[in-house]
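J.: Have a look at this one before I ask anything.
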Amino acid sequence: MQFSTLQNWIKSTRLPASLLFSAVLCFLFFSCAVIPVQEQLVSATRTNPLTRTNGNCAETAAVKQQPGAMQAGLSPDSISIFNWNIYKEQRQNWDVDLLRLSHEKDIILLQEAALNPELQEVLQQKNLYWNLNSAFKYKGSDTGVLVASTIQDLESCGLRNSEPLIGLPKTILISRYNITDSSDELLVATIHGINISLGTGAYQEQLDSLQSILKNHDGPIILAGDFNNWSKKRTDIMVQLAADLSLQILSFAEESRTLFFGDPVDQILYRGLEPVSHIVHPVASSDHNPISVTFRLTRSKTDHEPALTSIP
């Protein structure tokens, strides 16, 4: 988009002023970002260095994955997650808050994660396995959604959709994990939702692409992230996704999540699990407050037969 085009669009649109301001910032930022030609999964384990793969979910589905029955599993009685839009680590003390608040969590889900040396050091310090679906490179660092875990994932893949007005991608990352003493596998997905658009078409398309993958998994699911559901129409699309996949949306008795246009955009959706506890952590180190949730499995299979599902 040329700057003159952006000026004309600003004059004609009726979007809220704060969102228009975000659009201008994204336009300026876009000129500094390098977008990969296709999805690019950046991964590391406790013992192996960084690797890069295509990681596209459609292509992953073409290769049948073998079940990982011999790999370590999550406890069915306690599966703890930490979800946070980390704002590209642009504010002070993000690393202190990440280390402190994600302590002893089984799975960490980050949106707007910039894979700079500082974040890599934190992940290494926590001795985690991790994957990042790169939306773009900014100042030399892959930036996108990241999932880190205390156990090795069975399989991971990514989806990418572009913001319709500025062309900057938003990404989704989907991973599967073993559960101890169960033939169920836990599917964990994190999303950074399409944000700047005149209508909801691009947002609907992004959630449809996610649903096309998740509908093929018949076990427990955790879907968390920054949905950018800052309007009723967007929230309705998210609620419909939850209904179609039999997901429950975690509710909060006291609303302390970050609000945009009066609506919380950081959401936790789940299936086949029971929330045991959850808490929102007020922080100054990002423009989003992180959320911690502990689940236990409610639909466990104990016959020890390997799960046959893969992504999708």
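Nothing in this text is a laboratory measurement; each read-out follows from the coordinates by a stated rule. Just so we're clear, the structure is a prediction, and the values are computed from it rather than from any experiment. Backbone-built Cβ (ideal geometry, glycine too); neighbour counts: all protein chains shown.
J.: Give me a comma-separated list of calculated 3J(HN,Hα) values for region 183-192, in order, Karplus coefficients 6.51, -1.76, 1.60 applied at θ = phi - 60°, integers in Hz, x for any Gly or Pro.
T.: Working through the residues one at a time gives 8, 5, 10, 8, 9, 10, 10, 10, 10, 10 Hz.
J.: If packing is taken as the average count of other Cβ atoms within 10 Å, what order do 173-184, 119-130 fall into, highest mean first?
T.: The most tightly packed comes first, giving 173-184, 119-130.
J.: In nanometres, what is the gap between the two model label sites at GLN240 and SER78, each 7 Å from Cα along Cα-to-Cβ?
T.: 4.1 nm
J.: Defining a contact as two alpha carbons under 8 Å apart and six or more residues distant in sequence, what relative contact order in percent does region 38-297 show?
T.: The value is 21 percent.
J.: Starting from the 7 Å offset along Cα-to-Cβ, what nm value, one decimal, do you get for the label separation of LYS215 and ALA253?
T.: 3.8 nm
J.: Residue-wise, which Karplus ³J(HN,Hα) couplings in Hz belong to region 266-272, taking 6.51 cos²θ - 1.76 cosθ + 1.60, θ = phi - 60°, and x for glycine or proline?
T.: Karplus-based 3J(HN,Hα) across region 266-272 equals 8, 10, 10, 10, 7, 8, x Hz.
J.: Under 5 Å between amide hydrogens, which residues at least 5 positions from GLU163 or on another chain qualify, with H placed 1.01 Å from N in the peptide plane?
T.: Under 5 Å from the amide H of GLU163: LEU168, LYS170.
J.: Between rounded, prolate and oblate, where does region 38-297 land on the alpha carbon gyration tensor, with a ≥ b ≥ c its root eigenvalues, rounded for a/c under 1.5, else prolate if a/b exceeds b/c?
T.: In terms of gyration-tensor shape, rounded.
J.: Over region 38-297, how many pairs of lysines fall under 29 Å by alpha carbon, counting only those 8 or more apart in sequence or from different chains?
T.: Number of lysine pairs found: 23.
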